[in-house]
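Q: I am attaching a structure below and will ask some questions about it afterwards.
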Amino acid sequence: MNFFTSIKMAIRNIQGNKLRSFLTMLGIIIGVSSVIALLAIGQGSSKSVSDSVNSLGTNLITVTITNTDTHFTKSNLNEVKETSGVKSVAPILSGRETLVNGSNSSESSITGTTSSYLSIRKLSVKEGRFVTSIDEQFRQKVVVLGSDLADTLFENQSAVNKYVLIDGQRYLVVGVLNSKGGSMGQSSDDSAFIPFSTAQRLMKTTYLTQFYAQANNQNSVNWAMAGIKRVLSQTYSDSDDYSVVNQQDVMDAMSSVTSTMTLLLAGIAGISLLVGGIGIMNIMLVSVTERTREIGIRKAIGARRRDIMLQFLIEAAVLSMLGGIIGVGIGFAASEIYAAATGGTVVYSFPIMTAAFLFSALVGIIFGVFPAYKASKLNPIEALRNE
Amino acid sequence: MTEAMITMHGIEKKYELGGSVVHALDHIDLTIETGAFVSIIGPSGSGKSTLMNMMGCLDKPDAGQYTLGGSRIDRLKDRELADIRNQKIGFIFQNFNLLGKLTAVENVELPLIYRGVKSKERRTRAMECLMRVGLEERAAHLPSQLSGGQQQRVAIARALAGEPQILLADEPTGALDSKTSEEIMRLLTELNDNGRTIVLITHDLHVARKAKRTVSIRDGRLQEGEHI
């Protein structure tokens, strides 16, 4: 019998049992659509994270001091700055304070830092200027606002040359930054920046717990990191007292999380496709029993075992492939709805879609083999006697 | 003397039933000539269905030789038997055995599908067969939309579609009233007049007498003539 005729016959049989066919396909539909939607969303969010990590520049090195007994001071920082491979450093002293302008107020993160912070974090000034070394030297009460924060406090007016109250003291707004966006709770758009020396006084500390360093170029990142560790080891004997991390490390950690997640999703999807496959086998077995007489007639008329087997196998495969196609469609729609509703990024992977579809077809064929074999083995005499 | 269509020699078939062996067919010798119209009569349980299955290559004998249209059947494999059924035999059943989801013409096409005939030619040949049984106007109807007599005529058309050497009819009028039975028998007689070999199995003497030759079967043994 010709292959095309078999497919036509299978489609007719599926059409003849619409509700049952749909219920049978449901397992496959859910499996395939969840793979596609979850992976699109997962890959989309990991892409947006890695984009924002990348936007900080690959030369960025983040140093965190975890030992609070031995203090890390500005003079230590100057030693780091002299290390070969390091282009510049920026201390970070952060805290949360309430900023007030008239009736508008906002509790925001305040970062005390130096002028080099701007270039290290690849930020840019929209209006006015950033903190300068003169501000630093004279402990000027000046503040640079992130774009969102400026909007909150000054609404539509220009913030530059106006005053805001921080912890009851007047600070002159000298600049507003361009919006940069951000991730992991580190958006510069919601932050305020003041000179490091001013921040020390505001937060009543003299030492540092974190600073950024910028390597000369991408190739010298590891060299610079080694230098920084050498300087730190002179102060701290235990390497657990500090951590030196570059953006690549962050990316690596992130991608290991992503790949674990992808594996997990693939596992869940695989299980649901397996369950869907069992559903198909179940229905095909019922169908073989129901159509015993039909099988008998076909055999009496001259269908070979191979013809009967092929008929049921193709039916199972068509059923699961149809489920796969519908699943791809629903998965695609679900991701689009997610993207529209949350504003998140979704990334479609064509190979994954193809793989999910092919896998569903394979499931149908594998789980269709047994019922098809059973059908082909039926004795035509017995089958014809069946009512 | 025309050449033999069917030659059976020493055919035996045994069944084990509740511990005792039943001889469904007990040393059957039978020759049916090409162009013959033979009826096989017997009460239920006489083995006539088994004989019919054997002739129709649905069953294999335990012992004996069976030659159909010049080829030995008793040693063929399942797959070869399927091909023989497809090409040499046309079945007509008591309860028509049409596929309920296919239209009349699609039912008639079935044997041609398994023979790998192309769809256009299939349709033409199926329509010719329907025309021969006078149902070309009902081609697009489902079996459930046809009367019993019409369904049996579709079944006959299906049996004819493969241009078989022999028609095997198992109680073809068993589910029909006497008037439609007459029609079906007239159709079969007509087909025989045109040279088709027909074997008819029935327990109805009235139907059996329409055939040119009658053979009786009882307890798996065959006898020439009417012995009921």
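The values are calculated or read from the model by the stated rules, or taken from the named source; none is laboratory data. Just so it is clear, the structure is predicted and the values come from calculations on it, not from any experiment. FYI the Cβ positions are ideal-geometry reconstructions off the backbone, even for glycines, and counts take in every protein chain you see. What goes into the accessible areas is simple: the full protein's heavy atoms, side chains included, and nothing from ligands, DNA or RNA. Shrake-Rupley method; radii C 1.70, N 1.55, O 1.52, S 1.80 Å.
Q: Name every residue in segment A:301-336 that is within 14 Å of chain B (Cβ to nearest Cβ) and either under 40 Å from the mean Cα position of the chain (by Cα) or in a helix (DSSP H, G or I) (or both), in order of residue number. Lay out the reasoning, then the answer.
A: Let us first name the residues in segment A:301-336 that are within 14 Å of chain B (Cβ to nearest Cβ), namely A:301-311, A:314-315.
Residues satisfying the conditions are A:Ile301, A:Arg305, A:Arg306, A:Asp307, A:Ile308, A:Met309, A:Leu310, A:Gln311, A:Ile314, A:Glu315.
Q: Has segment A:1-9 got at least one residue that is under 24 Å from B:Leu102 (Cα atoms), touching an Asp or Glu at 6+ places or on another chain (Cβ under 6 Å) and open to solvent by 20 Å² or more (accessible area, probe 1.4 Å)?
A: Within segment A:1-9, the first condition is being under 24 Å from B:Leu102 (Cα atoms), and the residues that meet it are A:1-9.
Those still in the list that are touching an Asp or Glu at 6+ places or on another chain (Cβ under 6 Å) too: A:1.
Those still in the list that are open to solvent by 20 Å² or more (accessible area, probe 1.4 Å) too: A:1.
Yes, some residue in segment A:1-9 is under 24 Å from B:Leu102 (Cα atoms), touching an Asp or Glu at 6+ places or on another chain (Cβ under 6 Å) and open to solvent by 20 Å² or more (accessible area, probe 1.4 Å).
Q: On the given criteria, is A:Ala150 loosely packed, with under 15 Cβ neighbours inside 10 Å, without any contact (Cβ under 8 Å) to a residue 40 or more places away in the chain and outside any strand (DSSP E or B)? Step through it out loud before you land on a result.
A: Numbers: loosely packed, with under 15 Cβ neighbours inside 10 Å: no; without any contact (Cβ under 8 Å) to a residue 40 or more places away in the chain: yes; outside any strand (DSSP E or B): yes.
Criteria not met by A:Ala150.
Q: Given the criteria more than 25 Å from A:Gly168 (Cβ to Cβ) and in contact with a Ser or Thr (Cβ under 9 Å, 6 or more places away or on another chain), does A:Ser108 qualify?
A: On the way: more than 25 Å from A:Gly168 (Cβ to Cβ): no; in contact with a Ser or Thr (Cβ under 9 Å, 6 or more places away or on another chain): yes.
No: the conditions fail for A:Ser108.
Q: Right, something else. Do we have any residue at all in segment A:173-190 that's in the same structural domain as A:Asn101 (by TED's automatic domain parsing), among the hydrophobic types (A, V, I, L, M, F, W, C) and assigned to a helix (DSSP H, G or I)? Full working, then the answer.
A: Step one: of segment A:173-190, the residues in the same structural domain as A:Asn101 (by TED's automatic domain parsing) are A:173-190.
Now restrict to residues that are among the hydrophobic types (A, V, I, L, M, F, W, C): A:173-174, A:176-177, A:184.
Applying the additional criterion that residues be assigned to a helix (DSSP H, G or I) yields none.
The answer is no, given that none of the residues of segment A:173-190 is in the same structural domain as A:Asn101 (by TED's automatic domain parsing), among the hydrophobic types (A, V, I, L, M, F, W, C) and assigned to a helix (DSSP H, G or I).
Q: So which residues in segment A:4-21 are without any contact (Cβ under 8 Å) to a residue 24 or more places away in the chain, among the hydrophobic types (A, V, I, L, M, F, W, C) and either within 17 Å of A:Ile278 (Cβ to Cβ) or within 12 Å of chain B (Cβ to nearest Cβ) (or both)?
A: Of everything in segment A:4-21, just one residue is without any contact (Cβ under 8 Å) to a residue 24 or more places away in the chain, among the hydrophobic types (A, V, I, L, M, F, W, C) and either within 17 Å of A:Ile278 (Cβ to Cβ) or within 12 Å of chain B (Cβ to nearest Cβ) (or both), namely A:Phe4.
Q: Being crowded, with 24+ Cβ neighbours inside 10 Å, touching a Cys at 6+ places or on another chain (Cβ under 7 Å), within 10 Å of chain A (Cβ to nearest Cβ) and part of a helix (DSSP H, G or I): is that true of B:Arg85 here? Don't jump to the end; show me each part of the working.
A: Working: crowded, with 24+ Cβ neighbours inside 10 Å: yes; touching a Cys at 6+ places or on another chain (Cβ under 7 Å): yes; within 10 Å of chain A (Cβ to nearest Cβ): yes; part of a helix (DSSP H, G or I): yes.
Yes, satisfied.
Q: Count, please, the residues in segment B:1-38 that happen to be among the aromatic types (Phe, Trp, Tyr) and modelled with pLDDT under 90. Walk me through how you get there before you give the answer.
A: Step one: filter segment B:1-38 for residues among the aromatic types (Phe, Trp, Tyr), giving B:15, B:37.
Pick out the ones that are also modelled with pLDDT under 90 and you get B:15.
Qualifying residue count, segment B:1-38: 1.
Q: Counting just the residues of segment B:34-52 that are within 14 Å of chain A (Cβ to nearest Cβ) and open to solvent by less than 30 Å² (accessible area, probe 1.4 Å), which one comes out farthest from the chain's Cα centre (by Cα)?
A: The extreme case among them is B:Gly47.
Q: While we're here: Among the residues of segment A:311-343, how many are more than 13 Å from A:Val32 (Cα to Cα) and surrounded by fewer than 20 Cβ atoms within 10 Å (Cβ to Cβ)?
A: 8
Q: Give the residue that is modelled with the highest pLDDT, with candidates limited to residues of segment B:127-148 that are crowded, with 21+ Cβ neighbours inside 10 Å and out of contact with any Leu (no Cβ under 7 Å at 6 or more places or on another chain).
A: B:Leu130
Every residue, every condition in (1) open to solvent by less than 50 Å² (accessible area, probe 1.4 Å); (2) within 14 Å of another protein chain (Cβ to nearest Cβ), yes or no:
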position	(1), (2)
A:Gln248	no, no
A:Ser255	no, no
A:Met261	no, no
A:Gly270	yes, no
A:Leu273	yes, no
A:Gly279	yes, no
A:Ser287	yes, yes
A:Lys299	yes, yes
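Q: A further question on this structure: Looking at (1) surrounded by 21 or more Cβ atoms within 10 Å (Cβ to Cβ); (2) not in a loop (DSSP other than H, G, I, E, B), find the lone condition where B:Glu183 falls short.
A: That leaves (1) as the condition not met.
Q: Being assigned to a helix (DSSP H, G or I), under 21 Å from the mean Cα position of the chain (by Cα) and among the β-branched types (Val, Ile, Thr) is the filter here, so list the residues in segment A:337-387 that pass it.
A: Listed by number, the residues that qualify are A:Ile337, A:Thr342, A:Ile352.
Q: Just the residues that are open to solvent by 60 Å² or more (accessible area, probe 1.4 Å) and assigned to a loop (DSSP other than H, G, I, E, B), please, taken from segment A:130-147. Full working, then the answer.
A: So the first thing to find is which residues in segment A:130-147 are open to solvent by 60 Å² or more (accessible area, probe 1.4 Å), and the list is A:133-134, A:137-141.
Across segment A:130-147, the qualifying residues are A:Phe138, A:Arg139, A:Gln140, A:Lys141.
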